[in-house]
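What follows is a single structure, written as structure tokens, with notes after it.
The values are calculated or read from the model by the stated rules, or taken from the named source; none is laboratory data. Note that the coordinates shown come from a computational prediction; the quantities given were computed from them, not determined experimentally. Counting neighbours? That spans all protein chains shown, and the Cβs are built from the backbone with ideal geometry, glycine included.
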Amino acid sequence: MTAVGTPAPAAAKHDWAMFGWDAGRSSAPNVPMGITADDLPFLQRQQVRIDGTVDASAIYLHDVTVAGAPHDVFFVTTTYGKTLAIDADRGTVLWTFTPSGFDRLKGSYRITTATPVADPGRDAIYAASPDGIIRRLAVADGHVEWSTSITRLPEREKIASPLAFSRGRVIATTGGYIGDRPPYQGHVAILDAKSGALLHVWNALCSNRRGLIDPATCPASDAAIWGRAGAVIDARTGNIFVATGNARWDGVEHWGDAVVELDPDATRILGNYTPANTEELNATDEDLGSSSPALAGGPYVVQGGKDGILRVLDWRRMAGTTAHRGGESSSVPTPGSARLFTAPAVWHHAGTIWMYVADSRGTSAWTLDGDTLKPQWRNDHAGTSPVVADELVYVYDPAGTLRVYGAASGRLLAGLECGGGHWNSPIVADGRIALPEGNANDHATSGVLDIWRVVRPGVDAHQERAGQERR
């Protein structure tokens, strides 16, 4: 169907090129994204039926050429590796890339929940598939420009987290499938964006070994890097922060249940942390790395986990190759004292650093007061990874509601009806909201992308756009 509504003004156009908006995964754009509190009553949903389930997020590029014409485009990757380009105004599928081996994998346990990332040149995106391959796809038509495997055992090593881009490189991470069936090792893979060459690999286990390894040749297994934000990049330095799941930790070669800072090439450890009870976490399946590190401003890193604790780490105390066990500056429970599987949002506003976190039992907001998270508001609504845009917080409840709150007040401003899901989370781009529905664990080969637009009765979106461009 053709939407009727008022699009965002052309001057407000901004891409949403990767999960979390920026390489630091703040999930809080510092530019207007085109929807204010006054617009919420006029949002209208379009359900776009797609050829797969997207248990991840969309990305967005404005005014790119597809099939010879300019389009605003959402890009998504399905659980079995299909990547689609979808017109953001009309909801039509502009192209679909299907990886070889799709028919063999569809319906199986081998899935991906990775969000693609766009090249800064805006002529290509990078996408993952359950065959363990990262591909560069042309924005214009979806054809493959290069493909590179980042695992020697894709049957065990899963690409679950979103891809990242920094300094001409694509950064990908690996984990394992449900059940943690060995052998596998979480690792960080650095690829050259132009050629696809695999430049460097950091292995969370047997970290003394460079490059891709045969998982069976390392005496330790697991240490999945599977948090919703994946690799988190410090924009000032290009350094890479990751958190790992259950596995052996010795602070030398094995880095299970740890937060690790790597240099931009992923060749050197620059800082590290593991909780004092790291052996207990490993023994009880309480992954520290069920969530990703949040760069909270200044020297502070916040790390959640399956044990329902948010730890504030003063990273100045965690610097260097010496093993750092314990020593967190402060801690608070997750919103519902529940296991954390989501990525926090970090909003810098009026000189204050806000952090938003949702879990299966609630949603909370804190401000960072020195090395302490100071509570601001909380509710009992479950949610996935929050997004902050134009002083509004968007939180998807996978039971089937997208809620919108005032960022400072926590007041519920809208509850947008939608379907159920799992780890899906929204983006807000140029006066539109995009949210995939569905659960990867259902192993479905169909799904829905919801697109909300601001609708003013009697005004055609495309006529209004033309009028704005003339003005």
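What's the total number of residues in segment 28-74 that are within 28 Å of His348 (Cβ to Cβ), part of a loop (DSSP other than H, G, I, E, B) and in contact with a Phe, Trp or Tyr (Cβ under 6 Å, 6 or more places away or on another chain)?
4
Can you pull out the residues in segment 132-170 that are hydrophobic (A, V, I, L, M, F, W, C), under 18 Å from Gly20 (Cα atoms) and part of a loop (DSSP other than H, G, I, E, B)?
Ile159, Ala160, Leu163
Results for (1) within 19 Å of Arg45 (Cα to Cα); (2) in a strand (DSSP E or B), shown as yes or no for each residue.
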| residue | (1), (2) |
| --- | --- |
| Ala358 | no, yes |
| Ser364 | no, yes |
| Lys374 | no, yes |
| Thr384 | no, no |
| Tyr396 | yes, yes |
| Leu416 | yes, yes |
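So, in segment 54-84, exactly how many residues are of a type in the set (Ser, Thr, Tyr), in contact with a strand residue (DSSP E or B) (Cβ under 9 Å, 6 or more places away or on another chain) and closer than 13 Å to Ser129 by Cα?
The total comes to 4.
Based on what the data block shows, is His443 over 25 Å from His14 (Cβ atoms) and buried (at least 17 other Cβ atoms within 10 Å of the Cβ)?
Against the criterion (over 25 Å from His14 (Cβ atoms) and buried (at least 17 other Cβ atoms within 10 Å of the Cβ)), His443 does not qualify.
Taking Trp226 as meeting all but one of (1) of a type outside the set (D, E, K, R); (2) farther than 18 Å from Ser166 by Cα; (3) surrounded by fewer than 24 Cβ atoms within 10 Å (Cβ to Cβ), write down the number of the exception.
The number of the failed condition is (3).
Could you tell me whether any residue of segment 181-194 is in contact with a helix residue (DSSP H, G or I) (Cβ under 7 Å, 6 or more places away or on another chain), at pLDDT 95 or above, aromatic (Phe, Trp, Tyr) and closer than 30 Å to Glu437 by Cα?
yes
For residues that are within 25 Å of Ala283 (Cα to Cα), assigned to a loop (DSSP other than H, G, I, E, B) and of a type in the set (D, E, K, R), scanning just segment 182-228, find the one that is nearest to the chain's Cα centre (by Cα).
Arg228
Looking at Arg339, Arg361, Arg325, Arg378 in this structure, which one is closer than 23 Å to Ala114 by Cβ and among the basic types (Lys, Arg)?
Only one candidate passes the filter, namely Arg339.
Mind checking which pairs have a first residue in segment 399-411 that is hydrophobic (A, V, I, L, M, F, W, C) and a second that is part of a loop (DSSP other than H, G, I, E, B), Cβ under 8 Å, 6 or more apart or different chains?
Qualifying pairs under 8 Å: Ala399/Ala382; Ala399/Gly420; Leu402/Cys418; Leu402/Pro426; Ala407/Glu391; Ala408/Glu391.
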